[in-house]
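Asks: Sharing a structure below in structure tokens format, with a few things to ask.
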Amino acid sequence: MASPPDTSKTVKLERYNSYLRRVHSTKLLNASSKLLFRATLLVALLLVFLFTFNYPPLSDPHHAHPHTHTNFLTSAFYGGGAAWERQVRHSATPRRPNGMSVLVTGAVGFVGTHCSLALKKRGDGVLGLDNFNSYYDPSLKRARQALLSKHQIFIVEGDLNDAPLMTKLFDVVPFTHILHLAAQAGVRYAMQNPQSYVASNIAGFVNLLEVAKSVNPQPAIVWASSSSVYGLNKENPFSELHRTDQPASLYAATKKAGEEIAHTYNHIYGLSLTGLRFFTVYGPWGRPDMAYFFFTKDILQGKTIDIYQTQDDKEVARDFTYIDDVVKGCLGALDTAEKSTGSGGKKRGPAQLRVYNLGNTSPVPVGKLVSILEGLLNTKAKKHVIKMPRNGDVPFTHANVTMAYRDFGYKPTTDLATGLRKFVKWYVSYYGIQTRAKTKVHNNEQQPEDSA
């Protein structure tokens with residue numbers, strides 16, 4: 001009888017092949033998992049990159065529409081680079097004996113541009129900081145930046161809430177002074193984007209003070225408050241001694257909060273702080289969201305302009321203050337600012353704490369402003385008189401500047417008609433408008449490049 005065939009070798013071979021298949025499957029699965037993990041990680045990093053580039057961090061004071069992002073690599077990019085540091089130092093180095101080295105925040109803003117030019121012109125060192133947000137047309141800010149660059153003023157594009165960047169700037173330059181003008185401006189916009197006011201006017205200010213308190217030597221700080229802090233105050237003219245605990249808008253409330261925060265940092269850390277309450281500043285290179293600016297635009301375009309009256313049919317009036325007068329006030333405050341008394345974050349003695357009005361002392365009804373513009377533009381405005389909405393605006397402002405005159409000789413000299421003539425001359429030139437206004441505002445006086 002024949003013996004059954006030996007199948008043991010075949011079974012072993014099949015088992016071995018099965019084993020090899022399992023091994024290969026495991027290796028393939030592992031390789032696929034690693035590849036999938038790496039691909040997922042790459043996609044995630046790409047999404048984070050794109051999100052960060054297109055949307056600013058939540059700490060950015062302008063994270064909501066219509067603000068643009070700041071440079072998402074701000075700290076990393078500015079944290080190194082010998083060439084960048086040389087630019088920063090060169091711009092901040094004074095050219096006159098005993099000159100100041102000033103960090104100007106909001107340097108490509110309206111007031112910031114004029115102050116930076118004035119400081120540089122007299123030989124002080126100036127370094128600008130600005131985040132170029134799009135609250136109004138950024139191209140105007142870029143044009144201001146180009147003007148500043150012509151005068152060897154370097155602008156760091158970054159945000160107050162970027163603590164590493166702020167620390168880096170103070171590591172590179174031992175600033176003697178800070179002129180803090182960066183802020184979220186505008187009374188009405190606060191109703192649309194309240195968070196931006198808190199992030200910029202409060203959180204940004206605190207971050208700046210946190211850095212300033214820790215450096216040695218501590219800089220003296222002059223910063224922009226606002227006449228809006230007077231709110232519902234009915235005493236006229238507005239004095240620094242009047243109450244400011246009734247703000248009529250969130251913007252005003254954040255500026256009032258800034259004054260209280262300044263008091264705290266002065267008291268605890270010995271920072272020298274001077275707050276300036278600006279009264280409706282106007283002039284060349286101004287802000288497009290201000291009435292005199294968009295009235296000019298709308299009158300030239302034949303559009304209807306809204307002119308507000310109070311609820312009891314009174315004319316709205318403002319203490320319009322020309323930019324050159326405000327610049328003199330800012331420089332006067334810087335020149336009389338005493339040194340901070342702290343070092344290493346500790347107070348060593350009492351420090352200076354001041355607040356001043358910077359106004360024109362001559363309120364003008366908005367209707368009169370429009371009449372002056374009509375004459376300068378040689379064009380009749382289409383007016384629509386309406387009741388002032390309850391949006392945080394106040395009906396009347398009037399500055400008492402006695403204290404500023406006493407302490408640093410502040411004395412406004414430009415009346416509204418003269419100031420508007422200079423503004424309109426700049427406006428038609430900047431926007432290349434060929435109108436009847438061109439010959440109307442042209443005169444033989446030579447304007448300095450800084451203010452044209």
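Asks: Do the conditions hold for R277, that is, is it of a type in the set (D, E, K, R), open to solvent by less than 20 Å² (accessible area, probe 1.4 Å) and touching a helix residue (DSSP H, G or I) at 6+ places or on another chain (Cβ under 6 Å)?
Replies: On the way: of a type in the set (D, E, K, R): yes; open to solvent by less than 20 Å² (accessible area, probe 1.4 Å): yes; touching a helix residue (DSSP H, G or I) at 6+ places or on another chain (Cβ under 6 Å): yes.
Yes.
Asks: Does the stretch 183-204 contain any residue that is touching a helix residue (DSSP H, G or I) at 6+ places or on another chain (Cβ under 7 Å), in contact (Cβ under 8 Å) with a residue 12 or more places away in the chain, open to solvent by 20 Å² or more (accessible area, probe 1.4 Å) and within 19 Å of S116 (Cβ to Cβ)?
Replies: In the first step, residues of the stretch 183-204 are kept if they are touching a helix residue (DSSP H, G or I) at 6+ places or on another chain (Cβ under 7 Å); the result is 183-184, 186-187, 190, 194, 197-198, 201-202.
Remaining after also requiring in contact (Cβ under 8 Å) with a residue 12 or more places away in the chain: 183-184, 186-187, 190, 194, 197-198, 201-202.
Now narrow it down to the ones that are open to solvent by 20 Å² or more (accessible area, probe 1.4 Å): 183, 187, 194, 198, 202.
Right, trim to within 19 Å of S116 (Cβ to Cβ) and you get 183.
The answer is yes; a qualifying residue exists.
Asks: Still on this model: What about G258, is it among the small types (G, A, S), in contact with a helix residue (DSSP H, G or I) (Cβ under 7 Å, 6 or more places away or on another chain) and at positive phi? Write out each step before concluding.
Replies: On the way: among the small types (G, A, S): yes; in contact with a helix residue (DSSP H, G or I) (Cβ under 7 Å, 6 or more places away or on another chain): yes; at positive phi: no.
Answer is no for this residue.
Asks: May I ask you to list pairs of residues, at least six apart or on different chains, whose Cβ atoms are under 8 Å apart, with the first in the stretch 287-300 being closer than 11 Å to I433 by Cβ and the second being at pLDDT 95 or above and in a helix (DSSP H, G or I)?
Replies: T296/L373; T296/L377; T296/F423; T296/V424; T296/Y427; L300/L377
Asks: Now for a different question. May I ask you to verify whether S451 is of a type outside the set (F, W, Y), out of contact with any strand residue (DSSP E or B) (no Cβ under 9 Å at 6 or more places or on another chain), farther than 15 Å from D298 by Cβ and at pLDDT 95 or above? Give the derivation first.
Replies: Values: of a type outside the set (F, W, Y): yes; out of contact with any strand residue (DSSP E or B) (no Cβ under 9 Å at 6 or more places or on another chain): yes; farther than 15 Å from D298 by Cβ: yes; at pLDDT 95 or above: no.
No; evaluated as a whole, the condition is false for this residue.
Asks: If A212 meets every condition in (1) modelled with pLDDT under 95; (2) touching a Leu at 6+ places or on another chain (Cβ under 8 Å) apart from one, which number is that one?
Replies: If we test A212 against (1) modelled with pLDDT under 95; (2) touching a Leu at 6+ places or on another chain (Cβ under 8 Å), just (1) comes out false.
Asks: With the stretch 237-352 as the region, which helices (runs of 4 or more DSSP H) entirely inside it contain at least 1 residues that are modelled with pLDDT of 95 or more and closer than 26 Å to A203 by Cβ?
Replies: Details: elements: 250-269, 291-300, 323-335.
It comes to 250-269, 323-335.
Asks: What's the total number of residues in the stretch 208-236 that are outside any loop (DSSP other than H, G, I, E, B) and under 17 Å from A333 (Cα atoms)? Show your work before the answer.
Replies: First, the residues of the stretch 208-236 that are outside any loop (DSSP other than H, G, I, E, B): 208-214, 220-224, 227-230.
Cutting the leftovers down to under 17 Å from A333 (Cα atoms) gives us 220-224, 227.
Final tally of qualifying residues: 6.
Asks: Right, here's the next one. Only residues that are of a type in the set (S, T, N, Q) and in contact (Cβ under 8 Å) with a residue 12 or more places away in the chain: list them for the stretch 301-313, please. Spell out how you get there, then give the answer.
Replies: Just the residues of the stretch 301-313 that are of a type in the set (S, T, N, Q), to begin with: 301, 304, 309-311.
T304, Q309, T310, Q311 - these are the residues of the stretch 301-313 that are of a type in the set (S, T, N, Q) and in contact (Cβ under 8 Å) with a residue 12 or more places away in the chain.
Asks: Check S239 against each of (1) small (G, A, S); (2) over 17 Å from the mean Cα position of the chain (by Cα); (3) crowded, with 22+ Cβ neighbours inside 10 Å and name the one condition it does not meet.
Replies: Exception for S239: condition (3).
Asks: Another question, if that's okay. How many residues, within the stretch 89-107, are surrounded by fewer than 19 Cβ atoms within 10 Å (Cβ to Cβ) and in a helix (DSSP H, G or I)?
Replies: The initial filter retains those residues of the stretch 89-107 that are surrounded by fewer than 19 Cβ atoms within 10 Å (Cβ to Cβ), namely 89-90, 93-99.
Filter again for in a helix (DSSP H, G or I), leaving 89-90.
Summing the residues that are surrounded by fewer than 19 Cβ atoms within 10 Å (Cβ to Cβ) and in a helix (DSSP H, G or I) in the stretch 89-107 gives 2.
Asks: Only one of (1) closer than 30 Å to P389 by Cβ; (2) out of contact with any Leu (no Cβ under 6 Å at 6 or more places or on another chain); (3) at pLDDT 95 or above; (4) crowded, with 23+ Cβ neighbours inside 10 Å fails for L179. Which number is that?
Replies: (1)
Asks: For a quick check of your reading of the model, give me the residue pairs whose first member lies in the stretch 314-336 and is more than 20 Å from V364 (Cβ to Cβ) and in contact (Cβ under 8 Å) with a residue 60 or more places away in the chain, whose second is open to solvent by less than 10 Å² (accessible area, probe 1.4 Å) and polar (S, T, N, Q), with beta-carbon atoms closer than 8 Å and at least 6 apart or on different chains.
Replies: A333/T274
Asks: What number of residues within the stretch 133-172 are of a type in the set (F, W, Y) and either free of Cβ contacts under 8 Å to residues at least 40 places away in the same chain or open to solvent by less than 30 Å² (accessible area, probe 1.4 Å) (or both)? Outline the logic, then answer.
Replies: Start the filter on the stretch 133-172 by keeping residues that are of a type in the set (F, W, Y), which leaves 135-136, 154, 170.
With either free of Cβ contacts under 8 Å to residues at least 40 places away in the same chain or open to solvent by less than 30 Å² (accessible area, probe 1.4 Å) (or both) added as a condition, the list becomes 136, 170.
Going through the stretch 133-172 one residue at a time, the tally reaches 2.
Asks: I would also like to ask the following. Looking at the stretch 106-125, I want the residues that are under 21 Å from R142 (Cβ atoms) and among the β-branched types (V, I, T) and have a partner that is part of a helix (DSSP H, G or I) and open to solvent by 10 Å² or more (accessible area, probe 1.4 Å) with Cβ atoms under 8 Å, at least 6 apart or on another chain. Which pairs are those?
Replies: Filtered contacts from the stretch 106-125: V108/K141; V108/R142; V108/Q145; V111/V327; T113/L147.
The values are calculated or read from the model by the stated rules, or taken from the named source; none is laboratory data. None of the values given here were measured: they were computed from a predicted structure. Using ideal geometry, Cβ is built from the backbone for each residue, glycine included, and neighbour counts are taken over all protein chains shown. Quick note on the areas: whole protein, heavy atoms, side chains included, nothing else; ligands and nucleic acids left out. Shrake-Rupley method; radii C 1.70, N 1.55, O 1.52, S 1.80 Å.
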